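Chemist: Below are the structure tokens for one structure; questions will follow.
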Amino acid sequence: MTHHRTLKVLGLLSAVCLAAFLAMGVVADSKRIDIEPETGLLKAPMKVYKSDAASGGKCVGTADKIVPQGQECGGTVKVTFTVATSGNYIFWGRAKWLDDCGDSFYVQIDEGQKRVFGEHGTEGQWKWFKLTGAKFNLSAGTHTLYIHGREDGALLDKVILLHESNGYVPQGKSG
């Protein structure tokens, strides 16, 4: 095989690998990890919803009024991702809250503590929210993000994990 053909084949393989990685719903650079939760493994009652206003046209969540008020709705989304740069990461999520009884999820990375994400009071519109009071100390390598249903009617479009040195604040659909 000629040198030119070898480079062409390697270029094609690289493109195929990148396309497969992007199809998993996880995009990463050294200090930013983009996660589309709808690409993960879902456990009912968590499900995928179509939404033109969501990045990629889909989001995850639970239907409204599936449990009596005050009870947790359950369900889980599980997404595997890779960290290139070890350090503390800040969790950002683009969410749409139904009302003050449908405005939160639990988030967990690996076997760490479940943390409440939400309860921000902005209802009926897609907005980026930061997980307050918590950072995730992640080593380089593979990790698993769990989104657990807490309150029914809450929707989650996208997650971005930002290395604390990044300083970026997500905007718009893509963040």
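The values are calculated or read from the model by the stated rules, or taken from the named source; none is laboratory data. Here the structure is a predicted model, which is why all the values come from computation and not from measurement. Glycine gets a Cβ as well: all are built from the backbone with ideal geometry, and neighbour counts include every protein chain shown.
Chemist: Quick check on LYS65: is it of a type in the set (Lys, Arg), in a loop (DSSP other than H, G, I, E, B) and touching a residue at least 24 places away in the same chain (Cβ under 8 Å)? Even if it seems obvious, please write down each step before you answer.
Modeler: Numbers: of a type in the set (Lys, Arg): yes; in a loop (DSSP other than H, G, I, E, B): yes; touching a residue at least 24 places away in the same chain (Cβ under 8 Å): yes.
It is true that LYS65 is of a type in the set (Lys, Arg), in a loop (DSSP other than H, G, I, E, B) and touching a residue at least 24 places away in the same chain (Cβ under 8 Å).
Chemist: Oh, and also: Can you tell me how many residues in the range 78-99 are among the aliphatic types (A, V, I, L, M) and in contact with a Phe, Trp or Tyr (Cβ under 7 Å, 6 or more places away or on another chain)? Before the answer, list the steps.
Modeler: Applying the first criterion (among the aliphatic types (A, V, I, L, M)) to the range 78-99 yields 79, 83-84, 90, 95, 98.
Imposing the further condition that a residue be in contact with a Phe, Trp or Tyr (Cβ under 7 Å, 6 or more places away or on another chain) reduces the set to 95.
Here the count works out to 1.
Chemist: Same structure again: Please determine, by comparing only the residues of the range 115-163 that are aliphatic (A, V, I, L, M) and over 15 Å from the mean Cα position of the chain (by Cα), which one is farthest from MET46 (Cα to Cα). Walk me through how you get there before you give the answer.
Modeler: Here is the first cut: in the range 115-163, the ones aliphatic (A, V, I, L, M) are 116, 131, 134, 138, 140, 145, 147, 154-156, 159-162.
The next check asks that each one be over 15 Å from the mean Cα position of the chain (by Cα); those that pass are 134, 138, 140.
Details: ALA134: 24, LEU138: 26, ALA140: 29 Å.
If we take residues in the range 115-163 being aliphatic (A, V, I, L, M) and over 15 Å from the mean Cα position of the chain (by Cα), then ALA140 is farthest from MET46 (Cα to Cα).
Chemist: Shifting gears a bit: Restricting attention to the range 73-101, report how many residues are exposed (fewer than 14 other Cβ atoms within 10 Å of the Cβ) and charged (D, E, K, R).
Modeler: Selection size over the range 73-101: 2.
Chemist: Identify, please: which residue in the range 40-62 is of a type in the set (A, V, I, L, M) and part of a loop (DSSP other than H, G, I, E, B) and is, among those, surrounded by the most Cβ atoms within 10 Å (Cβ to Cβ)? Working first, answer last.
Modeler: Taking the range 40-62 as the starting set, the residues that turn out to be of a type in the set (A, V, I, L, M) are 41-42, 44, 46, 48, 53-54, 60.
With the extra rule that they be part of a loop (DSSP other than H, G, I, E, B), the set shrinks to 44, 46, 53-54.
Values: ALA44: 11, MET46: 23, ALA53: 12, ALA54: 21.
Per the stated criteria, the residue is MET46.
Chemist: If you don't mind, there's one more thing I want to ask. With respect to VAL48, determine if the residue is touching a strand residue (DSSP E or B) at 6+ places or on another chain (Cβ under 6 Å), under 14 Å from ILE147 (Cβ atoms) and free of Cβ contacts under 8 Å to residues at least 24 places away in the same chain. Quick ask: steps written out before the conclusion?
Modeler: On the way: touching a strand residue (DSSP E or B) at 6+ places or on another chain (Cβ under 6 Å): yes; under 14 Å from ILE147 (Cβ atoms): yes; free of Cβ contacts under 8 Å to residues at least 24 places away in the same chain: yes.
Spelling it out, VAL48 is indeed touching a strand residue (DSSP E or B) at 6+ places or on another chain (Cβ under 6 Å), under 14 Å from ILE147 (Cβ atoms) and free of Cβ contacts under 8 Å to residues at least 24 places away in the same chain.
Chemist: Give the residue, chosen from VAL159, VAL79, VAL107, that is touching a Ser or Thr at 6+ places or on another chain (Cβ under 7 Å), more than 14 Å from LYS31 (Cβ to Cβ) and aliphatic (A, V, I, L, M). If you could, list the steps in order and put the result at the bottom.
Modeler: On the way: VAL159 fails: touching a Ser or Thr at 6+ places or on another chain (Cβ under 7 Å); VAL107 fails: touching a Ser or Thr at 6+ places or on another chain (Cβ under 7 Å).
Of the residues listed, the single one that is touching a Ser or Thr at 6+ places or on another chain (Cβ under 7 Å), more than 14 Å from LYS31 (Cβ to Cβ) and aliphatic (A, V, I, L, M) is VAL79.
Chemist: I'd like to know if the range 63-72 contains one or more residues that are modelled with pLDDT of 95 or more and farther than 23 Å from GLN171 by Cα. Steps first, please.
Modeler: Restricting attention to the range 63-72, the residues satisfying the condition of being modelled with pLDDT of 95 or more are none.
Within the range 63-72 (the criterion being modelled with pLDDT of 95 or more and farther than 23 Å from GLN171 by Cα), the answer is no, since none of the residues qualifies.
Chemist: If I ask for residues that are surrounded by fewer than 22 Cβ atoms within 10 Å (Cβ to Cβ) and acidic (Asp, Glu), which ones from the range 119-166 would you list?
Modeler: GLU119, GLU123, GLU164
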